[in-house]
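The values are calculated or read from the model by the stated rules, or taken from the named source; none is laboratory data. All of these numbers come straight from a predicted model, not from anything done at the bench. Cβ: placed from backbone, ideal geometry, glycine included. Neighbour counts: every protein chain shown. Please note that ligands, DNA and RNA were not included when accessible areas were found on the heavy atoms of the full protein model with its side chains. Shrake-Rupley method; radii C 1.70, N 1.55, O 1.52, S 1.80 Å.
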Number of protein chains: 2
Amino acid sequence: MTANLAIDLDRSSPVPLYFQVAEQISEAIRRGDLPPGSRLDNEILLADRLGLSRPTIRQAIQYLVDKGLLVRKRGVGTQVVHGQVKRSVELTSLYDDLRRAGQEPATRVLSLESLPAEEEIAAVLGVPPGTEVLRMERLRYAGGEPLALLHNWLPSGLAPLAAESLQERGLYELLRSAGVRMRVANQRIGARAAGATEARLLDERRGAPLLTMVRTTYDDQGRAVEHGSHVYRASHYSLEVTLIER
Amino acid sequence: MTANLAIDLDRSSPVPLYFQVAEQISEAIRRGDLPPGSRLDNEILLADRLGLSRPTIRQAIQYLVDKGLLVRKRGVGTQVVHGQVKRSVELTSLYDDLRRAGQEPATRVLSLESLPAEEEIAAVLGVPPGTEVLRMERLRYAGGEPLALLHNWLPSGLAPLAAESLQERGLYELLRSAGVRMRVANQRIGARAAGATEARLLDERRGAPLLTMVRTTYDDQGRAVEHGSHVYRASHYSLEVTLIER
DNA sequence: TGACCTCATTTGTCAGGACATTATGATGTC
DNA sequence: GACATCATAATGTCCTGACAAATGAGGTCA
């Protein structure tokens, strides 16, 4: 039962020790060296063997517990979780998701303009009404077929966004590379029947079920960096969400 | 700028000190004593004033950072996040949500039986095919109107579930009070048009848009404790999800 | 045999200290 | 006046040490 995993530490590295430990345990789990249900050595022993202190080991383990890879029980020990839970809780955009799934996404920019914010949008973005904001409308394709109609509002000046770059990359990717650090997103997901315009753009019949998502994304500081109102063809797309409770 | 908040500590309480601190800071934020953007005193000062050690204070702050209430920046300090992000990332059930919203939920149990698991359900629940599992079908009302059609499968023996108790309480609540500790949930959310049976039960027209959710919930150990396939009236309900990235 | 108690094991909490790293504003120089 | 440099302040990392609390297993006693 003793997990005999080898962990190399590089004390001269700028990477924190607890992180090095966490990464290597995580790798061992991924590789199958630590099968689900197997017990880790206790914290004291681990600390001793690696020449680290117990708090450092605890920090590493805590990190993996938060990610949902390990389970701790007082008086029992630390175990690798049973079962294969999908661990994707990341803040991703549709574009990233599609490309990761090998779907070859494409984007048509229908409009991209700067205009004074209306009351509602201003409130959501946390700027005074009338402030210039960026509004864009995009049609997203996957595998040659229309998939979603995307409507976004952003505070202007956040990132230089041109129609050309929006056609080649996802919005999230562009924001991230402009140094915007997104951290929290609030999403409301619903459904409704397609109107005439939407139906035409998405190649669906009027009244076809559409999945709707209204999302506001906030950065580090809790400032809104993006607000979107999207509709997806329900016949071609569904959303996946993983919740982890601490 | 100095946050002059009073924090009472009860060292004789079984509640951990770091948690007492976290709770009271959280309360101060909720009350508005600590407005968004305001800076907390630095860790050393806080520790000193409360008569605690720095690690304890750090643990309290870290807890709130993870919950998305605070933001830390090295060299700068700790601030309350700007903006009012909804902070409900809990593992909740429809019943809890409705009752919290004051909607007076009701449930009609359409069926409740134990039967051998089919291939697909067995795979999802992680039991051998043919194992006895609990299957239930419920109709959920809010404010006197039908709202959702709920289909669930559970490993049998988890909790004693009777039709009567299911009519009065939510499934999650019953599971929790039976000692089941739910920790991770994987949800797939989509939409589709209502079929004839669904339409009749939900008081909608055929073809009306429905929101669909397929969810599997796992416990501490990563064992599946519940699998559900639900449809909601899109005209009356939408889902809200908050993502926090660490 | 079965219920209860005790005890070893393991994680949870907390203290106090040291040094590293990073962001910011002040200072000084060109 | 613009830019580079430096001091300061704050969090990040890591250490040692100690005791508390929960769990599960084994032994004891009726």
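Whose Cβ in chain B comes nearest the axis that rotates B onto A, and by how many Å?
Residue plus distance in Å, as requested: B:Ala191, 2.
Toward the positive end of the charge dipole of the protein assembly as shown, about the Cα centre and with charges on Cβ (Lys, Arg +1; Asp, Glu -1), which of A:Ala159, B:Ser26, B:Ala196 goes farthest?
B:Ser26
Counting only C-alpha contacts under 8 Å and six or more residues apart, can you give the relative contact order of segment B:66-208 as a whole percent?
Normalised by residue count, the contact order of segment B:66-208 is 19 percent.
Convert each backbone phi in segment B:133-138 into a coupling constant with the Karplus relation 6.51 cos²θ - 1.76 cosθ + 1.60 (shift: θ = phi - 60°), then list the ³J(HN,Hα) values in order as whole Hz, x for Gly and Pro.
With coefficients 6.51, -1.76 and 1.60, one gets 10, 9, 10, 9, 10, 10 Hz.
How far is helix A:17-31 tilted off the main Cα axis of chain A, in degrees rounded to 10, range 0 to 90?
That helix lies at roughly 80 degrees to the long axis.
Place a +1 charge on the Cβ of each Lys and Arg in segment B:138-239 and a -1 charge on the Cβ of each Asp and Glu, then give the dipole magnitude about the Cα centre in debye, rounded to the nearest 20.
It works out to roughly 300 debye.
Tell me which residues come under 5 Å, amide H to amide H, from A:Val225 once H is placed; ignore anything under 5 positions away on its chain.
A:Thr217, A:Tyr218, A:Asp219
Direction-averaged shadow area of the convex hull around the Cα atoms of segment A:177-219, nm²?
Seen from a random direction, the Cα hull of segment A:177-219 projects 4.2 nm² on average.
If you place +1 on the Cβ of every Lys and Arg and -1 on the Cβ of every Asp and Glu, how big does the dipole about the Cα centre of segment A:17-80 come out, in debye to the nearest 20?
Result for segment A:17-80 is approximately 220 debye, rounded to the nearest 20.
So how far, in whole Å, is the C-alpha centre of segment A:162-228 from the one of segment A:23-77?
So the separation of the two Cα centres works out to 38 Å.
With the dipole of the protein assembly as shown worked out from charges on the C-beta (+1 for Lys and Arg, -1 for Asp and Glu) around the Cα centre, which of B:Tyr232, B:Thr56, B:Val124 lies farthest toward the positive end?
Of the listed residues, the answer is B:Thr56.
Per residue of A:187-199, what is the mean number of Cβ atoms on other protein chains within 10 angstrom of that residue's Cβ?
Whole-number average of other-chain Cβ neighbours for A:187-199 is 5.
Dipole of the protein assembly as shown, Cα-centred, from +1 at each Lys and Arg C-beta and -1 at each Asp and Glu C-beta, to the nearest 20 debye?
I would put it at about 400 debye.
For segment B:163-180, what does the Karplus curve 6.51 cos²θ - 1.76 cosθ + 1.60, with θ = phi - 60°, yield as ³J(HN,Hα) per residue in whole Hz, taken in order and with x for Gly and Pro?
Per residue, the Karplus-derived 3J(HN,Hα) values read 4, 5, 5, 5, 7, 9, 9, x, 4, 4, 5, 5, 5, 4, 6, 8, x, 7 Hz.
Please list the non-local residues whose amide H lies under 5 Å from the amide H of A:Gly170, H modeled 1.01 Å from N, same-chain partners needing a gap of 5 or more.
Close amide H contacts, sequence-distant or interchain: none at all.
Positive end of the dipole of the protein assembly as shown, charges at C-beta (+1 Lys, Arg; -1 Asp, Glu), about the Cα centre: which of B:Tyr218, A:Ala148, A:Ser114 has its Cα farthest in that direction?
Sorting the options by dipole projection puts first B:Tyr218.
Could you give, in nm with one decimal, how far B:Leu115 is from each other copy of that position, shortest first, with labels 7 Å out from Cα toward Cβ?
Nearest first, the other copies' label points are 5.4 nm away.
Cα extents of the protein assembly as shown along the three principal axes, largest first, in whole Å?
Here the Cα extents, ordered largest to smallest, are 65, 61, 45 Å.
Over segment B:94-233, with the other protein chains present, what is the accessible area per residue in square angstrom, probe 1.4 angstrom?
I get 44 Å² per residue for this part.
Counting helices only, and only those DSSP H runs with n ≥ 4, report the 222 nm mean residue ellipticity of chain B as the sum of -39,500 (n - 2.57) divided by its residues, in deg cm²/dmol to the nearest 500.
-8000 deg cm²/dmol
Shortest first, in nm, what separates the label point of A:Tyr141 from those of the same position in the other copies (7 Å along Cα→Cβ)?
Computed spacing set for this position: 5.0 nm.
Quick one: angle between helix A:54-66 and the longest Cα principal axis of chain A, in degrees between 0 and 90, rounded to 10, please.
40
Run through the other copies and list how far each one's label point is from that of B:Arg206, in nm with one decimal, shortest first; the point sits 7 Å from Cα along Cα-Cβ.
For B:Arg206, the other copies' label points sit at 2.0 nm, shortest first.
Convex hull over the alpha-carbon atoms of segment A:94-233: what's its volume per residue in Å³?
Taking the convex hull of the Cα positions in segment A:94-233, it is 111 Å³ per residue.
Carbon and sulfur together cover what percent of the accessible area of segment B:17-80 at a 1.4 Å probe radius?
48
So for chain B, averaging the separation of alpha carbon pairs under 8 Å that are six or more residues apart and normalising by length, what relative contact order in percent results?
Normalised by residue count, the contact order of chain B is 14 percent.
Working from the alpha-carbon coordinates of chain B, get Rg over Rh, Rh being the Kirkwood radius.
We get a ratio of 1.07 for chain B.
Each label point is 7 Å from the Cα along the Cα-to-Cβ direction; what then is the distance between the points at B:Ser111 and B:Leu5, in nm?
Going by the 7 Å Cα→Cβ label model, 5.2 nm.
Return P(r) of segment B:17-80 (all Cα-Cα pairs; 10 Å bins starting at 0; whole %; ordered from short to long distances).
23, 62, 15
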